[in-house]
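S.K.: This is the structure, below, for whatever I ask next.
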Amino acid sequence: MSASAPEPPRLDLSFVRRGGRTVIDRRLFAWPFVLTRSFHTDGARPDLLSVILQTGSGAVHGEDRLTQRFTLREGAAVSVTTQGATSVHRAEPGARAVEQVQLRVAAGASLDYRPEPRILFPDAALCQVLELDCAADAVALVTDAFTMHDPDGQGRLFRELDSTVIVRRPSQEPLLIDRTQLRDPGTALFKGRRAFGSAVLMLPDMHDRAAIRLRVIDTLAHIDELYAAASLLPESVGIGIRLAARELRQLRAGFDAVAALVREIDLGARAAQAPSAAATARPKAA
């Protein structure tokens, strides 16, 4: 699938900041996507809007073509997750399901995009492309994960996984194109691990990304049975993270730990930037 010629979005959401809170100002979706209420439940981030995506089908089928677009305008703060892990079912020979996700994060915006993992069933074939356009002073944590499952317990594997992540600054050439291809998983060295994930963490230039990478590594090292690595992205624009585990619960624990660290860093930076009460207090009349 060409990243330059995406299919029209079947899910198209836009977020803006109004009155100190983030709200949805464009809400378009078609089968199989379902979007119900969104929530403001974070006491430390009252501006943050939490969105839970659902699908009517509950799965990705062999010839599905699914395109999503999320646009965060200046200053918006959004958390996106899904209703649960999504099954990817068998595709006929020569066919494969295609997913494309476009994430656009404007200046001063904050995005926590953590969909639940894909469950690849025997003979599943999936091509997915995720494009992240992130402003230099925005915060974005974007995760992706999959696991393998044979309901008959015979150890059968999926047929194909083709996953591409593209990271760029708005209106610029890509800073990162990361592609994973598994065309014959039976020959792969999984070493008993069945759950795999990756994450991209983008932070404003004010942060010491090299130091934060070390904090990410230390945080993940405390999770039992999780194999993890983190490295700086090209030009040190962000941090790339890889995870592998025997079970999804360890993978989820890794993502949650990274998200908690990002939250701590982001809240600390916002508190430091906020004007002090003394500086904002109006002088009393004589």
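The values are calculated or read from the model by the stated rules, or taken from the named source; none is laboratory data. Computed from a prediction, not measured in an experiment: that's the story for all the values here. No Cβ is skipped: glycine too gets one built from the backbone with ideal geometry, and neighbour counts run over all protein chains shown.
S.K.: If you take the residues of the range 239-257 that are surrounded by fewer than 18 Cβ atoms within 10 Å (Cβ to Cβ) and among the basic types (Lys, Arg), which of them is nearest to the chain's Cα centre (by Cα)?
M.R.: Residue satisfying both the conditions and the ranking: ARG242.
Residue-by-condition table, conditions (1) modelled with pLDDT of 95 or more; (2) farther than 21 Å from PHE33 by Cβ; (3) surrounded by fewer than 22 Cβ atoms within 10 Å (Cβ to Cβ):
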residue	(1), (2), (3)
THR81	yes, no, yes
ALA85	no, no, yes
VAL88	yes, no, no
GLU92	no, yes, yes
ALA95	no, yes, yes
GLN102	yes, no, yes
ALA109	yes, yes, no
PRO115	yes, no, yes
GLN128	yes, no, no
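S.K.: From SER198, SER231, SER236, grab the single residue that is under 14 Å from the mean Cα position of the chain (by Cα) and hydroxyl-bearing (Ser, Thr, Tyr).
M.R.: That would be SER198, the only listed residue that is under 14 Å from the mean Cα position of the chain (by Cα) and hydroxyl-bearing (Ser, Thr, Tyr).
S.K.: Something else about it: List every residue pair whose Cβ atoms lie under 9 Å apart, where the two residues are 6 or more positions apart in sequence or sit on different chains, the first residue falls within the range 184-205 and is among the small types (Gly, Ala, Ser), and the second residue, located anywhere, is assigned to a loop (DSSP other than H, G, I, E, B).
M.R.: Qualifying pairs under 9 Å: GLY186/LEU157; ALA188/LEU157; GLY192/ARG246; ALA195/PRO117; ALA195/ARG246; ALA195/GLU247; GLY197/PRO117; ALA199/ARG114.
S.K.: Give the residues of the range 208-231 that are surrounded by fewer than 16 Cβ atoms within 10 Å (Cβ to Cβ) and over 13 Å from ALA257 (Cα atoms), sorted by residue number.
M.R.: Result: ASP208, ALA210, ALA211, LEU214, GLU225, ALA229, SER231.
S.K.: Does ILE239 fit the bill of being in contact with a Lys or Arg (Cβ under 6 Å, 6 or more places away or on another chain), among the β-branched types (Val, Ile, Thr) and modelled with pLDDT of 95 or more?
M.R.: Yes; evaluated as a whole, the condition is true for this residue.
S.K.: Still on this structure, I have one more. When the range 42-76 is examined, which residues are found to be over 14 Å from LEU103 (Cβ atoms) and hydrophobic (A, V, I, L, M, F, W, C)?
M.R.: Selection gives ALA44, LEU48, LEU49, ILE52, ALA59, VAL60, LEU66.
S.K.: When both residues are 6+ apart or on different chains and their Cβ atoms are under 8 Å apart, which pairs have a first residue that lies in the range 28-56 and is in contact (Cβ under 8 Å) with a residue 12 or more places away in the chain and surrounded by 14 or more Cβ atoms within 10 Å (Cβ to Cβ), and a second that is hydroxyl-bearing (Ser, Thr, Tyr) and part of a loop (DSSP other than H, G, I, E, B)?
M.R.: What qualifies is PRO32/SER57; SER50/THR41.
S.K.: Among (1) among the aromatic types (Phe, Trp, Tyr); (2) buried (at least 17 other Cβ atoms within 10 Å of the Cβ); (3) under 19 Å from the mean Cα position of the chain (by Cα); (4) more than 24 Å from PRO170 (Cβ to Cβ), there is one condition PHE121 misses while meeting the rest; what is its number?
M.R.: Only one criterion in (1) among the aromatic types (Phe, Trp, Tyr); (2) buried (at least 17 other Cβ atoms within 10 Å of the Cβ); (3) under 19 Å from the mean Cα position of the chain (by Cα); (4) more than 24 Å from PRO170 (Cβ to Cβ) is unmet by PHE121, namely (3).
This table checks each residue for (1) small (Gly, Ala, Ser); (2) exposed (fewer than 15 other Cβ atoms within 10 Å of the Cβ); (3) more than 19 Å from ALA91 (Cα to Cα).
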position: THR147; (1), (2), (3): no, no, no
position: ASP150; (1), (2), (3): no, yes, no
position: GLY155; (1), (2), (3): yes, yes, no
position: LEU175; (1), (2), (3): no, no, yes
position: ARG179; (1), (2), (3): no, yes, yes
position: ARG183; (1), (2), (3): no, yes, no
position: GLY186; (1), (2), (3): yes, yes, no
position: LEU201; (1), (2), (3): no, no, yes
position: MET206; (1), (2), (3): no, yes, yes
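S.K.: Looking at LEU182, LEU203, LEU189, which one is of a type outside the set (Phe, Trp, Tyr) and in contact with a helix residue (DSSP H, G or I) (Cβ under 7 Å, 6 or more places away or on another chain)?
M.R.: LEU203
S.K.: Being closer than 25 Å to GLN128 by Cβ and small (Gly, Ala, Ser) is the filter; apply it to the range 7-48 and report the residue that is farthest from the chain's Cα centre (by Cα).
M.R.: Here the answer is ALA30.
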